[in-house]
């Protein structure tokens, strides 16, 4: 009986020891996971802060340019975004930039402004009234550009930066142009700030974007964009943008990956083309903006002309929604009387053939 009791106690001791060791391992794993989570949160917060700071610095550049006697563009709201309450506007020029030089960012802003307004002119067979801006969250174009009535403007940007910008803009009375609508779509950035949000397509459609209508897309201020993020964006726009829609803007050097200068053009033609776009690339030192005075030299140059790249791309294929629409119309042919079928289907066939050329 005593030996049986001793055996039982021994087994209990071994069992308790095993459970203790197992608990220690579980606690160690849980601690590591918590530590990883804390580090990821810290990295994400640091990235958010860096993106916010960079956006404020770009707003400061716009404010300084707008204060010139003959500015490339006029942004009356840049000052409120550039300086927080109680702080003075302070802009440190980039290396090699003199007081009267045209900086790269200022040139890019003027270039994009002009191309956007050109895209929404009324002298087109189908006027463009959908404008999608991929931004750092502090883009003032929805407020300051003269958009035509019935324009639908979408700002796709990080939520934190956008909310701060809206608060500051509302404080100075900024308003969307009368007759226009404005929607914000929050982009979920990766921990390193890259644009890898695969849900952008769904988010845009959910707030009213229509793939059967033409659109113009502009991209600026995405300084943490990588080649992988660029591909995600192109895949999204390639699916959403109706035929003949325009995608334009600036490509940061980070989005070009580790390819050499000699390979940049071919690589970009390839990645844009694989998503249905014909793209034109322009080194910033070859850009001619109507507001750029030749008396102000371009400050930023690179050895080969390709550092940051300006681009204008045209959608050559139908959007997914256009394809779905035509497939639905054709599948409904059984409901059409045989005598009237040709009158109904011929215009659609001609349109599809023309669209796919």
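Data table
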{"read-out": "From the options 116, 133, 169, 107, residue that is under 13 Å from the mean Cα position of the chain (by Cα) and in contact (Cβ under 8 Å) with a residue 60 or more places away in the chain", "value": "133"}
{"read-out": "Residue selected from the range 199-212 under the condition touching a strand residue (DSSP E or B) at 6+ places or on another chain (Cβ under 6 Å) and either at pLDDT below 95 or outside any loop (DSSP other than H, G, I, E, B) (or both), by the criterion farthest from residue 155 (Cα to Cα)", "value": "203"}
{"read-out": "Options 196, 243: the member that is touching a strand residue (DSSP E or B) at 6+ places or on another chain (Cβ under 8 Å), surrounded by fewer than 21 Cβ atoms within 10 Å (Cβ to Cβ) and within 28 Å of residue 321 (Cα to Cα)", "value": "243"}
{"read-out": "Residue within the range 137-156 that is in contact with a strand residue (DSSP E or B) (Cβ under 7 Å, 6 or more places away or on another chain), closer than 19 Å to residue 310 by Cα and assigned by TED's automatic domain parsing to the domain that holds residue 287 present", "value": "yes"}
{"read-out": "Residues of the range 163-193 classified as touching a strand residue (DSSP E or B) at 6+ places or on another chain (Cβ under 6 Å), modelled with pLDDT of 95 or more and within 19 Å of residue 58 (Cβ to Cβ), total", "value": "1"}
{"read-out": "Within the range 140-153, tally of residues that are in contact with a helix residue (DSSP H, G or I) (Cβ under 8 Å, 6 or more places away or on another chain) and either part of a strand (DSSP E or B) or crowded, with 21+ Cβ neighbours inside 10 Å (or both)", "value": "2"}
{"read-out": "Which listed residue, of 266, 255, 291, 242, is at pLDDT 75 or above and not in a helix (DSSP H, G or I)", "value": "242"}
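The values are calculated or read from the model by the stated rules, or taken from the named source; none is laboratory data. None of these values were measured; they are calculated from a predicted model. Using ideal geometry, Cβ is built from the backbone for each residue, glycine included, and neighbour counts are taken over all protein chains shown.
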